[in-house]
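Structure first, commentary second.
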Amino acid sequence: MEPEDEIHANGGVEDEEGSMSRSSRPIISSGEQLDVEAYASLYQGRTKIMRLLFIADHCEDHPAMRVEALRMAYDEIKKGENTQLFREVVQKIDGKLGPDYGMDSAWCDMVDRRAELKKEKLENELNAYRTNLIKESIRMGYNDFGDFYYAHGALGDAFKNYVRTRDYCTTSKHIIHMCMSAILVSIEMGQFTHVTSYVSKAEQSPEALDPITAARLRCAAGLAHLEAKKYKLAARKFLETGPELGSHYNDVIAPQDVATYGGLCALASFDRTELKNKVIDNVHFRNFLELVPEVRELINDFYSSHYASCLDYLGNLKANLLLDIHLHDHVETLYDQIRNKALIQYTHPFVSVDMRMMANAFKTSIAGLEKELEALITDNQIQARIDSHNKILYARHADQRNATFQRVLQTGNEFDRDVRSMLLRADLIKHEYNHRARKL
């Protein structure tokens with residue numbers, strides 16, 4: 001019997017060997033509560049604090065996780081100079097962590113006094129540099145001001161000062177440094193149009209970028225495309241990120257994030273061939289996927305049509321992905337697109353599909369599956385019709401015989417027209433029509 005004539009449970013039934021190998025492979029339990037300490041250790045600087053605060057604000061159902069995130073954020077802020085953020089965290093803690101994690105007015109006053117003195121010193125130095133018209137010193141002065149404002153949480157002022165260094169850059173290295181600083185602050189502010197602009201400026205540098213800088217720029221571009229919901233472009237940027245990235249950009253993104261963001265965006269937007277060539281067979285990206293086995297396995301399951309297992313992994317990952325500062329707004333959209341692609345891919349090879357078996361493979365009810373399929377048929381993503389009584393999906397395959405005849409007739413007509421045109425041109429040349437017209 002031909003495979004097209006059968007009703008299959010694609011992804012639900014496997015051969016004996018495949019079934020044995022998969023049953024012996026343990027499902028990675030990623031549905032457990034997020035290990036906040038291990039997660040935070042992947043990052044440094046402001047992004048570490050902001051990610052912890054984001055977790056604290058979005059895990060109301062897990063008070064222990066919320067308190068742990070706030071405790072770690074408090075400790076991390078005390079290492080820096082951002083007193084405004086410190087006051088906000090103390091307000092969020094609201095005495096839940098005891099007297100050791102309360103308002104430290106003495107520390108705030110000391111940091112603020114020190115900041116005033118440093119600001120005054122920087123202003124005096126910058127004014128002196130301007131008077132002497134030393135370009136490199138002026139550039140460094142503005143850069144120091146940018147660092148100062150960034151450390152104190154004044155991101156808008158930090159961005160302005162970093163950008164002002166552009167007029168005093170004398171080498172490609174200076175321009176790249178300015179772009180990287182502007183990108184860092186823009187990501188923190190959520191101004192991703194600036195990110196795209198400064199990534200482009202850095203990539204236009206006349207000198208070749210070192211591999212680490214190139215990898216960081218691709219990550220930044222990937223985040224900008226992700227924010228704009230351009231998932232295919234985001235996937236390409238993350239997939240192009242070289243293994244040289246390592247932990248060199250952990251003030252923005254961790255290698256584990258590259259695997260997760262890149263993998264999910266690729267699943268949602270790539271066709272089967274692209275998934276194989278650009279993700280599964282991508283040697284460089286494989287290094288990132290090894291850091292997040294769940295994402296690696298769900299990609300392999302999707303490509304192998306093991307949809308039940310793939311959806312299990314996605315379900316287990318969902319709670320933790322919703323706590324990701326960059327991905328949380330896109331989780332539902334990406335999951336819907338991945339599921340729709342799985343449904344389309346499942347039905348594609350067959351003339352008819354038993355919806356009971358399909359519902360079992362996708363771990364959903366028949367009524368729920370029917371609604372999903374109706375939406376895909378209405379949207380013209382699946383060429384099929386549903387037999388609601390017998391619960392069978394029938395594919396509407398085009399009449400190949402008729403289509404072939406139509407193509408042959410069209411090709412014949414085009415050939416006839418081309419031959420007539422050539423004969424006419426040959427006659428015109430033969431009788432020197434153009435030559436005579438010029439003489440007249």
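The values are calculated or read from the model by the stated rules, or taken from the named source; none is laboratory data. Keep in mind it's a predicted model, so treat the numbers as computed, not measured. Please note: Cβ atoms are built from the backbone with ideal geometry, for glycine as well, and neighbour counts cover all protein chains shown. The area values use the complete protein model at the heavy-atom level, side chains included, leaving out ligands, DNA and RNA. Shrake-Rupley method; radii C 1.70, N 1.55, O 1.52, S 1.80 Å.
LEU322 meets the conditions (1) in contact with a His (Cβ under 6 Å, 6 or more places away or on another chain); (2) surrounded by 20 or more Cβ atoms within 10 Å (Cβ to Cβ) in every case but one. The failed one is (2).
Keeping to region 330-351, report how many residues are free of Cβ contacts under 8 Å to residues at least 40 places away in the same chain, assigned to a helix (DSSP H, G or I) and surrounded by fewer than 16 Cβ atoms within 10 Å (Cβ to Cβ). Quick ask: steps written out before the conclusion?
Let us first name the residues in region 330-351 that are free of Cβ contacts under 8 Å to residues at least 40 places away in the same chain, namely 331-332, 335-336, 339, 343-344, 348.
The next check asks that each one be assigned to a helix (DSSP H, G or I); those that pass are 331-332, 335-336, 339, 343-344.
Then keep just the ones that are surrounded by fewer than 16 Cβ atoms within 10 Å (Cβ to Cβ); that gives 332, 336, 344.
Summing the residues that are free of Cβ contacts under 8 Å to residues at least 40 places away in the same chain, assigned to a helix (DSSP H, G or I) and surrounded by fewer than 16 Cβ atoms within 10 Å (Cβ to Cβ) in region 330-351 gives 3.
Condition check for ILE253 on (1) touching a residue at least 24 places away in the same chain (Cβ under 8 Å); (2) in a helix (DSSP H, G or I): one failure, at (2). Need the failing condition index for TYR74 against (1) open to solvent by less than 30 Å² (accessible area, probe 1.4 Å); (2) closer than 16 Å to ILE325 by Cα; (3) hydroxyl-bearing (Ser, Thr, Tyr), just the number. It is condition (2) that TYR74 fails.
Among the residues making up region 82-106, those that are open to solvent by 30 Å² or more (accessible area, probe 1.4 Å) and within 21 Å of ARG46 (Cβ to Cβ) are GLN84, ARG87, GLU88, GLN91, LYS92, TYR101, ASP104. The set of residues in region 277-300 that are farther than 17 Å from TYR261 by Cα and buried (at least 21 other Cβ atoms within 10 Å of the Cβ) is empty.
Considering only region 258-276, I want to know if a residue exists there that is free of Cβ contacts under 8 Å to residues at least 40 places away in the same chain, outside any helix (DSSP H, G or I) and not hydrophobic (A, V, I, L, M, F, W, C). Yes, region 258-276 contains a residue that is free of Cβ contacts under 8 Å to residues at least 40 places away in the same chain, outside any helix (DSSP H, G or I) and not hydrophobic (A, V, I, L, M, F, W, C). Assessment of region 352-359 against the conditions (assigned to a helix (DSSP H, G or I), modelled with pLDDT of 80 or more and under 18 Å from the mean Cα position of the chain (by Cα)) yields no matching residue.
Against the numbered list (1) in contact with a helix residue (DSSP H, G or I) (Cβ under 8 Å, 6 or more places away or on another chain); (2) modelled with pLDDT of 90 or more; (3) exposed (fewer than 15 other Cβ atoms within 10 Å of the Cβ), GLN33 comes up short only at (2). ALA398 falls short on exactly one of the conditions (1) modelled with pLDDT of 80 or more; (2) of a type in the set (Gly, Ala, Ser); (3) assigned to a loop (DSSP other than H, G, I, E, B), and that condition is (1). Remark: pairs (first residue in region 67-80, in contact (Cβ under 8 Å) with a residue 40 or more places away in the chain; second residue open to solvent by less than 10 Å² (accessible area, probe 1.4 Å) and not polar (S, T, N, Q); Cβ separation under 9 Å; 6+ apart in sequence or on different chains) = GLY80/PHE86; GLY80/VAL111.
In region 288-328, what residues are among the aliphatic types (A, V, I, L, M) and assigned to a loop (DSSP other than H, G, I, E, B)? So that I can check it myself, show each step before the final result.
Going through region 288-328, the residues among the aliphatic types (A, V, I, L, M) turn out to be 289, 291-292, 295, 298-299, 308, 311, 314, 317, 319, 321-323, 325, 327.
The answer is LEU291, VAL292, LEU322, LEU323, ILE325, LEU327.
Here's the yes/no breakdown for (1) hydrophobic (A, V, I, L, M, F, W, C); (2) under 30 Å from ILE138 (Cα atoms):
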position: GLN84; (1), (2): no, yes
position: VAL89; (1), (2): yes, no
position: LYS92; (1), (2): no, no
position: LYS96; (1), (2): no, no
position: ASP104; (1), (2): no, no
position: MET110; (1), (2): yes, yes
position: ARG113; (1), (2): no, yes
position: LYS118; (1), (2): no, yes
